[in-house]
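In what follows, a structure is listed as structure tokens, so that the remarks can point back to it.
The values are calculated or read from the model by the stated rules, or taken from the named source; none is laboratory data. Only a predicted model underlies this, so the values are computations on that prediction, with no experimental measurement involved. Cβ atoms come from the backbone with ideal geometry, glycine included; neighbour counts cover every protein chain shown. Note: accessible area is taken over every heavy atom of the protein model, side chains too, but ligands, DNA and RNA are not part of it. Shrake-Rupley method; radii C 1.70, N 1.55, O 1.52, S 1.80 Å.
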Amino acid sequence: MNIDILNNDQLALMDQLISDANTVLVVCHKSPDGDAIGSSLAWAEYMRLRGKDVTVIVPDQYPDFLLWLPNTEKIVRYDKHREKCDMLFKIADLVFCLDFNTPSRVDEMSEVLVNSPAKKILIDHHLKPDVPAALIVSHPDASSTCELVFRIVYQMGAFPQLDKAFAAPVYCGMMTDTGGFTYNSSNPELYFIIGELLTKHIDKDRIYRNVFHNYSENRIRLMGYVLYEKLVYMPEYHAAYYSLTRNELKRFNYIKGDTEGLVNMPQQIKGLKLSISLREDTEKPVVWVSLRSVDDFPCNLMAEEFFNGGGHLNASGGKIEGTIEEAIEITKKAISAYENKLK
């Protein structure tokens with residue numbers, strides 16, 4: 001099966017830029033998820049294979065349920081080690097931008113990223129890439145950035161030399177960005193990739209448990225609270241939403257990652273087409289929005305139009321700078337505006 005993703009010119013340029021570099025950075029977006037962390041760790045493994053001095057830098061904290069991934073201890077957080085990271089951006093020869101399409105997605109790291117004299121390569125699966133880069137590998141139809149990382153490494157002939165330290169994070173990122181292969185995962189090539197990853201002796205069942213069966217008691221109780229107390233079901237629209245305030249999160253001792261996947265749960269309601277999560281930031285006057293849909297409902301368009309965001313057809317996100325009450329009203333308007341597609 002041919003899973004090549006780069007044309008001949010891109011392949012040559014990618015190889016040349018890597019060969020010419022000594023100091024390499026791999027960066028991903030704010031509030032990194034499984035795909036962002038997985039693709040970054042996997043790509044760093046490939047860079048080590050190429051003999052590069054490589055550092056993975058993330059803007060801020062990532063969920064505890066990803067700490068089992070190999071080499072997470074080598075990740076440097078920008079919010080904790082700003083001076084060190086700023087220096088690395090100044091001296092780097094090459095910066096890989098993974099799993100984000102625009103500099104604003106790295107938050108406070110955006111200025112130092114854009115101003116870095118290093119050449120940049122973007123590898124991403126989100127729409128409308130606008131990172132200034134020497135090479136842009138953008139495929140919005142891909143399941144995940146981890147899928148793209150695998151395809152590039154495989155095409156460059158390096159996969160046989162890599163081990164489970166590469167394969168485990170790639171599988172983890174593909175799995176988390178498809179909800180356990182329940183959406184955006186019908187391409188047969190995806191399962192060829194999984195088969196290849198399994199040759200590296202990863203335990204896919206354990207990876208699933210490490211991610212999805214690795215929550216605290218507080219997370220489980222928060223989930224029950226959301227489903228029983230907070231879920232607003234709108235059967236006339238085949239839609240549901242819920243909101244969580246800062247105080248409610250504190251009540252359940254919220255830590256980053258505790259709300260991961262909750263937005264998918266209302267989709268178990270028969271006939272539901274759209275699920276929306278509204279979560280108040282624990283510090284800033286911002287409400288974070290997650291949207292999930294099924295079939296051809298374009299939650300990415302809804303995210304762009306109403307929630308200052310975007311994403312994929314069935315999985316998108318955004319934010320509202322305001323109160324949770326304002327976010328709820330905007331959500332109601334959004335659902336009403338898409339009445340024809342929902343009904």
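Could you tell me which residue of the range 132-142 is most open to solvent (accessible area, probe 1.4 Å), considering only residues that are aliphatic (A, V, I, L, M) and in a loop (DSSP other than H, G, I, E, B)? If we take residues in the range 132-142 being aliphatic (A, V, I, L, M) and in a loop (DSSP other than H, G, I, E, B), then A134 is most open to solvent (accessible area, probe 1.4 Å). Please determine whether any residue of the range 323-331 is in contact with a strand residue (DSSP E or B) (Cβ under 6 Å, 6 or more places away or on another chain), open to solvent by less than 60 Å² (accessible area, probe 1.4 Å), under 22 Å from G173 (Cα atoms) and not hydrophobic (A, V, I, L, M, F, W, C). No, the range 323-331 has no match at all. Condition test on F100, is it in a strand (DSSP E or B), of a type in the set (F, W, Y) and within 28 Å of W288 (Cα to Cα)? Criteria not met by F100. Of all residues in the range 44-68, those that are more than 21 Å from M109 (Cα to Cα) have Cβ atoms under 6 Å from Cβ atoms of residues that are modelled with pLDDT under 95 and of a type outside the set (A, V, I, L, M), 6 or more apart or on another chain, in D64/G257; F65/N214; F65/G257.
Filtering the range 201-245 to residues that are open to solvent by 80 Å² or more (accessible area, probe 1.4 Å), over 30 Å from L69 (Cβ atoms) and either assigned to a helix (DSSP H, G or I) or in contact with a Ser or Thr (Cβ under 6 Å, 6 or more places away or on another chain) (or both) leaves Y228, E229, E236. Restricting attention to the range 108-131, the residues being open to solvent by 50 Å² or more (accessible area, probe 1.4 Å), within 19 Å of D20 (Cα to Cα) and in a loop (DSSP other than H, G, I, E, B) number 1.
Residues that are part of a loop (DSSP other than H, G, I, E, B) and at pLDDT 95 or above were ranked within the range 1-28; the one that is most open to solvent (accessible area, probe 1.4 Å) is N22.
Kindly check whether there is at least one residue in the range 97-116 that is more than 14 Å from the chain's Cα centre (by Cα), within 30 Å of I194 (Cα to Cα) and touching a residue at least 40 places away in the same chain (Cβ under 8 Å).
Step one: list which residues in the range 97-116 are more than 14 Å from the chain's Cα centre (by Cα), which gives 103-104, 107-116.
Restricting the remaining residues to those that are within 30 Å of I194 (Cα to Cα) gives none.
No, the range 97-116 contains no residue that is more than 14 Å from the chain's Cα centre (by Cα), within 30 Å of I194 (Cα to Cα) and touching a residue at least 40 places away in the same chain (Cβ under 8 Å).
State whether one or more residues within the range 68-88 are open to solvent by 40 Å² or more (accessible area, probe 1.4 Å), over 23 Å from G195 (Cα atoms), modelled with pLDDT of 95 or more and among the β-branched types (V, I, T). No: zero hits. Scan the range 271-285 for residues that are modelled with pLDDT of 95 or more and either of a type in the set (G, A, S) or more than 20 Å from S336 (Cα to Cα) (or both) and the total you get is 5. For the range 93-104, state whether one or more residues are open to solvent by 60 Å² or more (accessible area, probe 1.4 Å) and farther than 22 Å from V211 by Cβ. Yes: one or more hits. Taking the numbered list (1) touching a residue at least 40 places away in the same chain (Cβ under 8 Å); (2) more than 23 Å from the chain's Cα centre (by Cα) in turn, M175 passes all entries but (2). Every test in (1) out of contact with any strand residue (DSSP E or B) (no Cβ under 8 Å at 6 or more places or on another chain); (2) touching a residue at least 60 places away in the same chain (Cβ under 8 Å); (3) outside any helix (DSSP H, G or I) is passed by G271 save one, and that test is (2).
Yes or no: S316 within 20 Å of the chain's Cα centre (by Cα) and modelled with pLDDT of 95 or more?
Values: within 20 Å of the chain's Cα centre (by Cα): yes; modelled with pLDDT of 95 or more: no.
The answer is no for S316.
Scanning the range 246-298 for residues that are over 19 Å from E236 (Cβ atoms), β-branched (V, I, T) and open to solvent by less than 40 Å² (accessible area, probe 1.4 Å) yields T259, V263, V286, V287, V289.
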